[in-house]
Amino acid sequence: DVARLKRFKLNEATEGWAGGKDSRASTGAKTGTEILEGIFRLVEVAYGFPPDSTQKKIIRGMVGSIMPAIFRHEPPANAKRAASAYGIESTKCRFMVITPRRCGKTISVSMFVCAYMLSCPDSVTCVFSVGKRASGMLMGNVKQMVDKILGDPSYGCKGTIVTSNAETLEVCVDGTLRRMHAYPGSTTTLRGVGGSRLCPLNCLLVSYGR
């Protein structure tokens with residue numbers, strides 16, 4: 001059916017769903033639901049204090065924007081059930097939030113990036129900030145949270161930091177590498193840098209594992 005095939009391709013291109021049966025469960029890889037559980041569990045403990053109501057809304061929005069990717073090997077019904085369970089309103093690949101100053105944007109993104117990179121195998125995250133000071137602060141936040149979680153066996157994450165510098169944090173968890181980059185938003189120095197998805201801070205680009 002040509003019309004049905006066109007609708008499927010359009011849906012796959014705009015929302016990111018791959019459709020079909022769950023191929024991850026049979027290979028032992030993490031399912032989308034397991035990744036979501038890990039993200040929301042670690043978000044609660046990453047900073048030392050649980051996120052407030054505003055930060056939770058921001059984090060849920062960012063998580064919603066990555067759901068088409070982390071559920072891409074599973075039927076859409078799985079993602080819908082997970083979104084309903086965690087109160088996620090939108091699963092589009094783009095998310096933008098506009099907030100006043102001093103409302104916890106940087107901490108929210110730091111929590112999300114930390115939880116995401118420790119929960120999702122082979123993930124790559126790029127965060128673009130307005131300046132070098134802001135990107136350095138965010139990188140410091142994420143590294144501190146990662147150090148805390150990897151250093152405490154009760155959180156259930158076994159791994160080590162492989163690379164850590166001003167712009168890159170790379171960790172190995174469960175035998176897979178996960179990377180996070182924090183860049184100042186200068187158009188003259190960021191040629192060739194990119195990602196596959198757009199979420200908030202001043203700009204957060206996320207790439208996913210294979």
* To do: Report whether or not Val130 is surrounded by fewer than 18 Cβ atoms within 10 Å (Cβ to Cβ) and either farther than 23 Å from Gly32 by Cα or touching a Phe, Trp or Tyr at 6+ places or on another chain (Cβ under 9 Å) (or both).
  => yes
* To do: Go through the range 130-210 and tell me which strands (runs of 3 or more DSSP E), entirely inside it, have 2 or more residues that are at pLDDT 80 or above.
  => 159-164, 168-173, 176-184
* Out of Val142, Val124, report the one residue that is in contact (Cβ under 8 Å) with a residue 40 or more places away in the chain and in contact with a helix residue (DSSP H, G or I) (Cβ under 6 Å, 6 or more places away or on another chain). => Val142
* Filter result (surrounded by 14 or more Cβ atoms within 10 Å (Cβ to Cβ) and in contact with a Leu (Cβ under 6 Å, 6 or more places away or on another chain)) within the range 68-99 -> Ala82
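The values are calculated or read from the model by the stated rules, or taken from the named source; none is laboratory data. Just so it is clear, the model here is predicted, and its values are computed rather than measured. Glycine gets a Cβ as well: all are built from the backbone with ideal geometry, and neighbour counts include every protein chain shown.
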